[in-house]
Each structure stands twice: as structure tokens, then as C-alpha cells.
Amino acid sequence: AEAHEIQPDGLPSIQLLGEMRTQASRHRSNLRDHILASDAKGRAEADTRLENRVKDFENAGKRYEPLIASPEEKALYNEATAAWQGYRKAADEVAAVSRKGEFAQARDMNEQKTLTLGRDLEIALGKLVNLNKAGAEAAGQKADNEYSTAFRTVLALLAVAVLGGFCAAFYLVRD
């Protein structure tokens with residue numbers, strides 16, 4: 001990542017990945033709410049929240065895709081997308097069992113499969129955040145180095161100009 005890419009690509013990427021992580025976490029929480037709901041109304045409300053989390057996660061993903069800057073990042077994004085799909089499939093199965101009122105089975109399914117898949121998703125998204133963070137840090141370091149080089153160059157040119165001025169003044173004063 002170059003210094004000029006930090007703001008238009010790096011920062012929005014990290015923000016969108018953070019949004020995806022948040023929505024995935026909220027989805028897991030809403031799934032637990034679904035299992036624990038005491039009546040059909042509570043499960044229907046949890047279903048609505050689950051649907052909203054899916055929309056928000058996928059919207060953030062669509063906005064993130066154009067910002068992908070490398071083949072490595074694309075591969076990690078594909079890994080995260082696959083993890084999301086796996087988690088979603090398992091979560092949908094848990095919610096379907098919960099809707100039937102089979103709460104013990106839904107809890108078991110959630111604990112045995114969905115939680116692990118949710119953690120895998122979190123790990124995959126974390127890898128993307130770390131990659132983007134490393135790219136932003138490298139670009140920032142490069143910008144710092146370029147600034148230092150430019151500053152030293154200006155100081156050297158200024159010193160040469162001052163020295164040239166002194167030499168010219170000395171020459172003019174001698175004559």
C-alpha cells in the first residue's frame with residue numbers, strides 16, 4: 001500500500017471489516033436470543049433481527065469488495081465469505097429447529113457447530129483486518145521515510161544556497 005492509498009482504501013477497508021465483524025457478532029447474539037425466546041412473538045422479533053444482521057453484513061461486504069487491493073487480500077476475503085456462508089447455513093438450521101420449539105436440540109446444534117463456525121468467521125475477518133492494518137502501517141512508514149528524505153534534501157539545498165550566498169558576498173566585498 002502506498003501512502004496515498006491509506007485514506008481512500010485502507011481506512012474504509014478497516015471500517016467495513018469492523019462493520020462485518022460487528023454484524024457477525026450481533027447475528028450470533030440474535031441467534032442465542034432466538035433460542036432463548038419464550039414465545040413465538042419473541043422468536044419472530046429475533047428472526048427480524050437475524051435478517052437485518054445478514055443484510056447489514058452483506059451490504060458491508062459489497063462495499064468492501066471494490067477496495068480489495070491484492071491477490072492475498074482477495075484470497076482472505078474469499079476465505080471469510082466461505083466462513084460466513086458456512087456459519088449462515090448452520091445458523092439457519094438452528095433457527096429452523098428453534099422455530100419448531102425444539103430448544104434443547106437448537107442449543108446443542110448451536111454449541112456443537114454454529115459457535116465453532118462463528119469463531120472461524122471471526123478469525124477469517126481478523127486476518128483481513130490485520131492485513132489491512134499492516135498495509136496501512138507500511139504505507140505510513142513509507143510516507144514518513146519519504147518525508148524525512150525530502151526534508152533532508154531541502155535542508156541540504158538550503159545549506160548550499162546559504163553557503164553560495166556567503167561565497168558571493170565574500171567575493172563582492174573583496175573586490
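Scanning the range 98-132 for residues that are within 15 Å of S13 (Cα to Cα) and out of contact with any Gly (no Cβ under 8 Å at 6 or more places or on another chain) turns up A124, L125, G126, K127, L128, N130, L131.
Residue-wise test of (1) in contact with a strand residue (DSSP E or B) (Cβ under 6 Å, 6 or more places away or on another chain); (2) within 20 Å of I123 (Cα to Cα); (3) of a type in the set (A, V, I, L, M).
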residue	(1), (2), (3)
M20	no, yes, yes
A40	no, no, yes
S70	no, yes, no
E79	no, yes, no
Q85	no, yes, no
D92	no, no, no
S98	no, no, no
Q105	no, no, no
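For T48, state whether it is within 23 Å of the chain's Cα centre (by Cα) and either within 17 Å of R119 (Cα to Cα) or at pLDDT 95 or above (or both). So T48 does not fit the description; no. Under the condition of being in contact with a Ser or Thr (Cβ under 8 Å, 6 or more places away or on another chain) and free of Cβ contacts under 8 Å to residues at least 60 places away in the same chain, the residues counted in the range 26-67 number 4.
Restricted to the range 81-106, and to residues that are surrounded by 14 or more Cβ atoms within 10 Å (Cβ to Cβ), among the hydrophobic types (A, V, I, L, M, F, W, C) and under 13 Å from H34 (Cα atoms), which residue is farthest from the chain's Cα centre (by Cα)? Among them, the one singled out is F103. Among the conditions (1) under 18 Å from R107 (Cα atoms); (2) of a type in the set (A, V, I, L, M, F, W, C); (3) not in a helix (DSSP H, G or I), the only one that A69 does not satisfy is (1). In the condition set (1) open to solvent by less than 80 Å² (accessible area, probe 1.4 Å); (2) under 19 Å from the mean Cα position of the chain (by Cα), T116 is compliant with all but (2).
From the set of residues in the range 131-175 that are modelled with pLDDT of 80 or more and within 30 Å of E73 (Cα to Cα), which is least open to solvent (accessible area, probe 1.4 Å)? Looking at the filtered set, the residue picked out is N132. The set of residues from the range 25-65 being crowded, with 17+ Cβ neighbours inside 10 Å and in a loop (DSSP other than H, G, I, E, B) comprises just one member, A37.
The values are calculated or read from the model by the stated rules, or taken from the named source; none is laboratory data. Just so it is clear, the model here is predicted, and its values are computed rather than measured. Neighbour counts are summed over all protein chains in view; Cβ atoms, including those assigned to glycine, are modelled from backbone coordinates with ideal geometry. Just so you know, the surface numbers come from the protein's heavy atoms only, side chains and all, with ligands and any DNA or RNA stripped out. Shrake-Rupley method; radii C 1.70, N 1.55, O 1.52, S 1.80 Å.
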